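Novice: I'd like to ask some things about the structure below.
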Amino acid sequence: MDAIRKSGKQQQGVAVLEFMLTAPLLILVVFAVSELGWAFHQYHTMTRATQDGARHAASHALNGSLGLILLDGALVQETSNLVVYGNTVGAGEPLLPGWSTGDISVSSPDASHVEVRAIYDYVPIVGRIPAFYGGDPIELAFEMKGTVQMRAL
């Protein structure tokens, strides 16, 4: 009987030891998956907004009487606002934290296309963790870029 009880207590000790050895790896995997999910979400938001901006610019850039692309200041500003804020007026919060209309460029690479380029400085969640404890954030930011080209309609 004592041998059975002793064996059960030893098994509990082994399980605790195994958990202590694997817990850091499991936590690392959870952080990595969360970080990749957040990065993918922000990249998807950026590229989708860039597509919307290019569609808006392409549908308004063609001068009907001349058949040439005309990118005036108002259209460029509307397109930049649409990409960053989700509306042409530029009201509300940016779709991504820290994004501004200065990160958007609208151009016409040739006589029939409109191109919208977006840059977003992605700051990983992991880099912000030391700031919660009074430390300086770790600089891990990198640029996400998106370019969409569409034929003017």
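The values are calculated or read from the model by the stated rules, or taken from the named source; none is laboratory data. Nothing here was measured: the structure is a model prediction, and the numbers come from that model. For neighbour counting, all protein chains shown are included, and Cβ atoms are generated from backbone atoms with ideal geometry for every residue, glycine included.
Novice: Within the range 113-153, how many residues are in contact (Cβ under 8 Å) with a residue 40 or more places away in the chain and aliphatic (A, V, I, L, M)?
Specialist: 10
Novice: Please work out if Leu82 is of a type in the set (A, V, I, L, M), surrounded by 12 or more Cβ atoms within 10 Å (Cβ to Cβ), touching a Ser or Thr at 6+ places or on another chain (Cβ under 8 Å) and part of a loop (DSSP other than H, G, I, E, B).
Specialist: Numbers: of a type in the set (A, V, I, L, M): yes; surrounded by 12 or more Cβ atoms within 10 Å (Cβ to Cβ): yes; touching a Ser or Thr at 6+ places or on another chain (Cβ under 8 Å): yes; part of a loop (DSSP other than H, G, I, E, B): no.
It is false that Leu82 is of a type in the set (A, V, I, L, M), surrounded by 12 or more Cβ atoms within 10 Å (Cβ to Cβ), touching a Ser or Thr at 6+ places or on another chain (Cβ under 8 Å) and part of a loop (DSSP other than H, G, I, E, B).
Novice: Please go through (1) exposed (fewer than 12 other Cβ atoms within 10 Å of the Cβ); (2) modelled with pLDDT of 90 or more for Gly64 and return the number of the only condition it doesn't satisfy.
Specialist: (2)
Novice: Of the conditions (1) in contact with a strand residue (DSSP E or B) (Cβ under 9 Å, 6 or more places away or on another chain); (2) over 16 Å from Gly53 (Cα atoms); (3) surrounded by fewer than 17 Cβ atoms within 10 Å (Cβ to Cβ), Ser105 satisfies every one except a single condition; which number is it?
Specialist: Only one criterion is unmet by Ser105, namely (2).
Novice: Here's another thing I want to ask about it. Which ones in the range 100-153 are modelled with pLDDT of 80 or more, in contact with a Lys or Arg (Cβ under 8 Å, 6 or more places away or on another chain) and assigned to a loop (DSSP other than H, G, I, E, B)?
Specialist: Ser112
Novice: Please enumerate the residues belonging to the range 60-79 that are assigned to a helix (DSSP H, G or I) and without any contact (Cβ under 8 Å) to a residue 24 or more places away in the chain. So that I can check it myself, show each step before the final result.
Specialist: So in the range 60-79, the residues assigned to a helix (DSSP H, G or I) come out as 60, 73-79.
Hits for the range 60-79 are His60, Gly73, Ala74, Glu78.
Novice: In addition: Could you check the range 18-45 and list, in sequence order, the residues that are charged (D, E, K, R) and farther than 30 Å from Leu82 by Cβ?
Specialist: Quick first cut of the range 18-45, residues charged (D, E, K, R) only: 18, 35.
Correct list: Glu18 only.
Novice: State yes or no: is Gly134 of a type in the set (Gly, Ala, Ser), within 30 Å of Glu35 (Cα to Cα) and surrounded by fewer than 12 Cβ atoms within 10 Å (Cβ to Cβ)? Quick ask: steps written out before the conclusion?
Specialist: On the way: of a type in the set (Gly, Ala, Ser): yes; within 30 Å of Glu35 (Cα to Cα): yes; surrounded by fewer than 12 Cβ atoms within 10 Å (Cβ to Cβ): yes.
In short, yes.
Novice: List, please: which pairs have Cβ atoms under 9 Å, are six or more places apart or on different chains, and start with a residue in the range 22-41 that is under 19 Å from Gly146 (Cβ atoms) and end with one that is modelled with pLDDT of 90 or more and of a type outside the set (Ser, Thr, Tyr)?
Specialist: As it stands, the answer is Ala39/Met144, since those pairs meet every condition given.
Novice: Just give me the residues in the range 49-61 being among the polar types (S, T, N, Q) and surrounded by 20 or more Cβ atoms within 10 Å (Cβ to Cβ), in sequence order.
Specialist: Pass one, the range 49-61, residues among the polar types (S, T, N, Q): 50-51, 59.
Within the range 49-61, just Thr50 meets the criteria.
Novice: Restricting attention to the range 55-75, does a residue exist that is within 22 Å of Pro97 (Cα to Cα) and out of contact with any Phe, Trp or Tyr (no Cβ under 6 Å at 6 or more places or on another chain)?
Specialist: At the first step, the residues of the range 55-75 found to be within 22 Å of Pro97 (Cα to Cα) are none.
So far as the range 55-75 goes, no, none of its residues is within 22 Å of Pro97 (Cα to Cα) and out of contact with any Phe, Trp or Tyr (no Cβ under 6 Å at 6 or more places or on another chain).
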